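Take a look at the structure below.
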Amino acid sequence: SMSVKRIIVGIISLLALVTPIWGAGTISPYSRYGYGEWQSLSFSANQSMGGLGYGMRSNKSINAMNPASYTAIDSLTFMLDLGVSGIVDGFESTSTSSTQFNGNLDYVAIQVPLAKFAALSFGISPLTTVGYGYSFIDKKLTYGYADTITVKQAFTGTGGMTQVYLGLSFDILDRVAVGVNGHYVFGNIQHNREITFPNNQLYAPTIQQEALYISAWLCDVGLQYHQPIGEDDELIIGAAYSLQLPMQNKSEVITYTNELVEVEDNTLAFDYPQMIGGGISYLWNKRLLIGADVLWQNFADANYYGKTNQLNDRFVYALGAQYTHALGGKRYIDNMDFRIGANYANSYINIDNKSYDKWAITWGVGFPLPNTLTKLNLHMEYGQQGSIQEQGLIERYYKIGIGVSLNERWFVKRKLR
């Protein structure tokens with residue numbers, strides 16, 4: 001239909017305009033460490049269910065977390081998913097609190113059938129995000145003297161890693177699907193640290209800028225088993241595995257003190273961690289879908305600045321549900337999706353030798369567009385990480401996202417009425 005084609009052209013034109021601002025995705029002081037805040041390949045509908053993915057198959061939205069899911073697509077359909085979000089981020093320490101707002105383009109992906117038993121997906125999404133700016137003032141005793149000196153430290157950082165993926169999926173048996181995603185990851189991360197002495201001319205300020213340039217080719221594989229139970233129920237079990245692979249990273253550190261400029265270039269060993277994710281979902285009476293996921297990211301055995309055991313293994317646990325009253329029913333509310341979920345993860349980095357936790361609760365609604373298979377997904381999330389006792393800072397955030405899952409019967413010739 002012309003209207004849907006116009007929507008697609010409009011969306012792609014809009015993306016061409018907003019893509020240059022990609023990766024402004026976080027404003028958390030916690031993103032100063034490691035590679036920044038780690039993001040999953042979970043899109044709007046799944047994000048509303050706590051970020052589930054490994055055991056999820058849908059013909060209404062794209063699930064890039066498990067490439068085996070792509071064959072769930074109807075054989076004559078073209079799918080396009082994209083999402084934008086805004087975050088209100090609040091930080092509280094023992095002495096201050098602040099709130100900031102940030103908007104972001106989260107992902108763009110398409111999915112098409114290749115044959116009755118095969119499908120392809122392609123997309124772009126952030127892998128990690130870095131964005132912070134904060135400072136603090138210390139009063140220190142000067143060496144050998146009784147008077148104190150005021151030292152101000154300011155930290156700012158930007159950037160992150162972006163991933164482009166291309167995935168293929170095949171049905172190898174009636175109820176078994178396999179898939180593979182190849183990813184190209186690229187990006188740069190900038191960290192700046194400025195040390196100044198506000199009321200003392202004796203000491204020269206120091207500015208240190210670190211830039212990390214990253215590129216990598218990555219691969220993950222997925223498997224799903226889907227078993228109908230009776231007329232209206234279905235059980236899905238899925239798993240995905242990402243290989244530990246080297247990343248081409250170049251680190252450049254520039255230090256300015258007085259008139260001295262020191263430049264240090266390093267090409268150190270960095271690895272993308274091996275990851276194993278598993279999930280299960282159950283659809284009851286074609287109405288209620290419930291699911292659970294667990295993910296293990298093996299950061300401890302991956303090189304980071306040329307050494308292993310610099311980072312923590314990260315575990316992510318997710319639970320979620322979706323309720324649709326009567327799919328194909330006459331009333332609008334019959335075809336709406338109501339979603340809820342929660343997730344919990346430990347940090348893959350330590351701050352002062354202490355790990356910390358991050359958790360979130362999610363909810364959302366899928367609104368069908370009349371006379372189409374397209375859904376507009378509203379996604380909301382509340383989460384927090386860190387603690388004042390342990391890290392001296394607690395972060396609480398509210399996220400609201402809007403995703404479009406555009407479903408178009410692409411290959412059907414319209415009959416003249």
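Data overview
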{"read-out": "Filter result (within 23 Å of residue 164 (Cα to Cα), open to solvent by 30 Å² or more (accessible area, probe 1.4 Å) and not hydroxyl-bearing (Ser, Thr, Tyr)) within the stretch 234-252", "value": "239, 243, 244, 245, 246, 248, 250"}
{"read-out": "Residue in the stretch 165-175 that is open to solvent by 30 Å² or more (accessible area, probe 1.4 Å) and not in a strand (DSSP E or B) present", "value": "yes"}
{"read-out": "Sole residue being open to solvent by 50 Å² or more (accessible area, probe 1.4 Å) and touching a residue at least 12 places away in the same chain (Cβ under 8 Å), chosen from 149, 137, 87", "value": "137"}
{"read-out": "Residue within the stretch 267-286 that is charged (D, E, K, R) and in contact with an Asp or Glu (Cβ under 7 Å, 6 or more places away or on another chain) present", "value": "yes"}
{"read-out": "Residue match in the stretch 17-38 (condition: crowded, with 24+ Cβ neighbours inside 10 Å, of a type in the set (Gly, Ala, Ser) and modelled with pLDDT of 90 or more)", "value": "no"}
{"read-out": "Selection within the stretch 361-372 - surrounded by fewer than 18 Cβ atoms within 10 Å (Cβ to Cβ) and either polar (S, T, N, Q) or at positive phi (or both)", "value": "371, 372"}
{"read-out": "Single condition residue 71 does not satisfy, out of (1) within 23 Å of residue 319 (Cα to Cα); (2) in contact with an Asp or Glu (Cβ under 7 Å, 6 or more places away or on another chain); (3) polar (S, T, N, Q); (4) surrounded by 16 or more Cβ atoms within 10 Å (Cβ to Cβ)", "value": "(1)"}
{"read-out": "Scope the stretch 108-122; condition more than 16 Å from residue 60 (Cβ to Cβ) and open to solvent by less than 50 Å² (accessible area, probe 1.4 Å); matching residues", "value": "108, 115, 118, 120"}
{"read-out": "Residue in the stretch 381-398 that is surrounded by fewer than 17 Cβ atoms within 10 Å (Cβ to Cβ), touching a helix residue (DSSP H, G or I) at 6+ places or on another chain (Cβ under 8 Å) and at pLDDT below 95 present", "value": "no"}
{"read-out": "Odd one out for residue 311 among (1) free of Cβ contacts under 8 Å to residues at least 60 places away in the same chain; (2) not in a strand (DSSP E or B)", "value": "(1)"}
{"read-out": "Subset of the stretch 325-360 [part of a strand (DSSP E or B), open to solvent by 80 Å² or more (accessible area, probe 1.4 Å) and in contact (Cβ under 8 Å) with a residue 40 or more places away in the chain]", "value": "340"}
{"read-out": "The stretch 291-308 - residue that is among the hydrophobic types (A, V, I, L, M, F, W, C) and not in a strand (DSSP E or B) and, of those, surrounded by the fewest Cβ atoms within 10 Å (Cβ to Cβ)", "value": "300"}
{"read-out": "Failed item in (1) aliphatic (A, V, I, L, M); (2) touching a Gly at 6+ places or on another chain (Cβ under 8 Å); (3) surrounded by fewer than 22 Cβ atoms within 10 Å (Cβ to Cβ), with residue 318 passing the rest", "value": "(3)"}
{"read-out": "When residues of the stretch 253-290 are limited to those that are part of a strand (DSSP E or B) and among the charged types (D, E, K, R), the one most open to solvent (accessible area, probe 1.4 Å)", "value": "262"}
{"read-out": "Unique match (being out of contact with any strand residue (DSSP E or B) (no Cβ under 7 Å at 6 or more places or on another chain) and among the hydrophobic types (A, V, I, L, M, F, W, C)) among 260, 243", "value": "260"}
{"read-out": "Of all residues making up the stretch 336-368, the number that are touching a His at 6+ places or on another chain (Cβ under 8 Å) and either small (Gly, Ala, Ser) or at pLDDT below 95 (or both)", "value": "2"}
{"read-out": "Conditions (1) under 30 Å from residue 281 (Cα atoms); (2) part of a loop (DSSP other than H, G, I, E, B); (3) open to solvent by less than 40 Å² (accessible area, probe 1.4 Å); number of the one not met by residue 231", "value": "(3)"}
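Conditions tested, residue by residue: (1) open to solvent by 80 Å² or more (accessible area, probe 1.4 Å); (2) in contact with a Gly (Cβ under 8 Å, 6 or more places away or on another chain); (3) in contact (Cβ under 8 Å) with a residue 24 or more places away in the chain.
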residue: 156; (1), (2), (3): no, yes, yes
residue: 181; (1), (2), (3): no, yes, yes
residue: 188; (1), (2), (3): no, yes, yes
residue: 195; (1), (2), (3): no, no, yes
residue: 198; (1), (2), (3): no, no, yes
residue: 209; (1), (2), (3): no, no, yes
residue: 214; (1), (2), (3): no, yes, yes
residue: 217; (1), (2), (3): yes, yes, yes
residue: 220; (1), (2), (3): no, no, yes
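The values are calculated or read from the model by the stated rules, or taken from the named source; none is laboratory data. Just so it is clear, the structure is predicted and the values come from calculations on it, not from any experiment. So basically every Cβ, Gly included, is an ideal-geometry build from the backbone, and we count neighbours across all protein chains shown. Calculation scope for accessible area: heavy atoms of the full protein, side chains included, ligands and nucleic acids excluded. Shrake-Rupley method; radii C 1.70, N 1.55, O 1.52, S 1.80 Å.
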